[in-house]
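The next block holds one structure in the form of structure tokens; read it before the comments.
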Amino acid sequence: MKLTDQQIDTMERVELIDALQSAKNTILQLIKYRNSIDAADQELTAIQNQAAKMLMGFSRSAFITAGVIGFILGLIIGKFAVGLFFGALVVIGLKIMDKRADPKRDAAAKAYIDQNYPPAAARKKELEQAYKEFRATDEVYNASLLVPKDYFDPDALDSILTLLKNRRAKNLSEALNTYETALHQQRVESLGHEQLAVSVEGVIAQQRTANATEDTARSNRVIAQNTRDIAHNTRDIARNTRDIANTNREIASSARSIAASQRAQALSAAAIASSAQAMASNKTNIHVEVKNEIY
């Protein structure tokens, strides 16, 4: 028997609980039909996919693998050209076998479709017909009239039934309002949790940023100290370079002084030698004069 809006408005709590429980069972049955039809659809798709696989011949990778094996065998017993010949021969042979197998594959796929597709299609058609007939029943009409569209769900009805059974509502309107209030509270709490999580993540991100900034500052300080040390060492090197240059200049000056002294000594020695030569020459002249005087 079909319900009316007036009957629904005048239902007592216990009667309303029974009606809502019946509506819940009706909704569950509708869902069961819908799931069964979807499963039948999937079965038909699986049958078609399996038939398509049965029609497929050797894959491209199979031809490549066969060619490589033939090429390797040819290399083992001969040379490169022999390997190419054997590889091509194996591929050609595989293609011939694949072509000859086409009629057998076609027949097998057709037999598979003929055996499995019609029964599966018939089951789907039966389910769709039963679903259509069930949707036309008073049970579905009463459920759709009693339960508003936004609550036409087993989980929602469970919550509404709990409110009525626990006497937190006397009629359907009170139960729906209480249910909406509870949903709103859950959404607020969920939003609060989400905001809290976002806030915590923000604090963690800020702490990570602060840590990274501190690490960067520490690294910059170390780099600055190293730069100052390098500059100090550079000044020391420049100072030492200048000292070495001054020492080299002093050594060069000393070398020049020594060279001048050596030149002076050489001139003195030359003068002494010249004097000695003059003395020897004078001695010779004296000897000659003496000799002449005697003779």
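The values are calculated or read from the model by the stated rules, or taken from the named source; none is laboratory data. Note that the coordinates shown come from a computational prediction; the quantities given were computed from them, not determined experimentally. Quick reminder, even Gly has a Cβ in these numbers, built from the backbone with ideal geometry, and neighbours come from all protein chains shown.
Within the range 199-217, can one find any residue that is modelled with pLDDT of 85 or more and of a type outside the set (Lys, Arg)?
Going through the range 199-217, the residues modelled with pLDDT of 85 or more turn out to be none.
Scanning the range 199-217 turns up no residue that is modelled with pLDDT of 85 or more and of a type outside the set (Lys, Arg).
Answer yes if at least one residue in the range 108-131 is exposed (fewer than 14 other Cβ atoms within 10 Å of the Cβ) and outside any helix (DSSP H, G or I), and no otherwise.
Applying the first criterion (exposed (fewer than 14 other Cβ atoms within 10 Å of the Cβ)) to the range 108-131 yields 110-111, 114-115, 118-119, 122, 125-126, 129-130.
Those left that are additionally outside any helix (DSSP H, G or I): none.
No - not one qualifying residue is present in the range 108-131.
Please indicate, with yes or no, whether at least one residue in the range 44-53 is free of Cβ contacts under 8 Å to residues at least 60 places away in the same chain, under 26 Å from Glu128 (Cα atoms) and surrounded by 12 or more Cβ atoms within 10 Å (Cβ to Cβ).
Taking the range 44-53 as the starting set, the residues that turn out to be free of Cβ contacts under 8 Å to residues at least 60 places away in the same chain are 45-46, 49, 52-53.
Checking the rest, the ones that are also under 26 Å from Glu128 (Cα atoms) come to 45-46, 49.
Filter again for surrounded by 12 or more Cβ atoms within 10 Å (Cβ to Cβ), leaving 46.
Yes; the residues of the range 44-53 include at least one that is free of Cβ contacts under 8 Å to residues at least 60 places away in the same chain, under 26 Å from Glu128 (Cα atoms) and surrounded by 12 or more Cβ atoms within 10 Å (Cβ to Cβ).
Within the set of pairs 6 or more residues apart or between chains, which connect a residue that is part of a helix (DSSP H, G or I) and of a type outside the set (A, V, I, L, M, F, W, C) inside the range 178-200 to a residue that is surrounded by 10 or more Cβ atoms within 10 Å (Cβ to Cβ) and modelled with pLDDT of 85 or more with Cβ atoms less than 8 Å apart?
Cβ pairs passing all conditions: Thr178/Leu163; Thr178/Arg168; Thr178/Ala169; Tyr179/Tyr151; Tyr179/Ala156; Tyr179/Ser159; Tyr179/Ile160; Tyr179/Leu163.
Residue by residue through the range 132-168, note down the ones that are without any contact (Cβ under 8 Å) to a residue 24 or more places away in the chain and outside any helix (DSSP H, G or I).
Within the range 132-168, the subset without any contact (Cβ under 8 Å) to a residue 24 or more places away in the chain is 132-133, 136-137, 144, 149-150, 155-156, 159, 162-163, 166, 168.
The answer is Ala136, Thr137, Asn166, Arg168.
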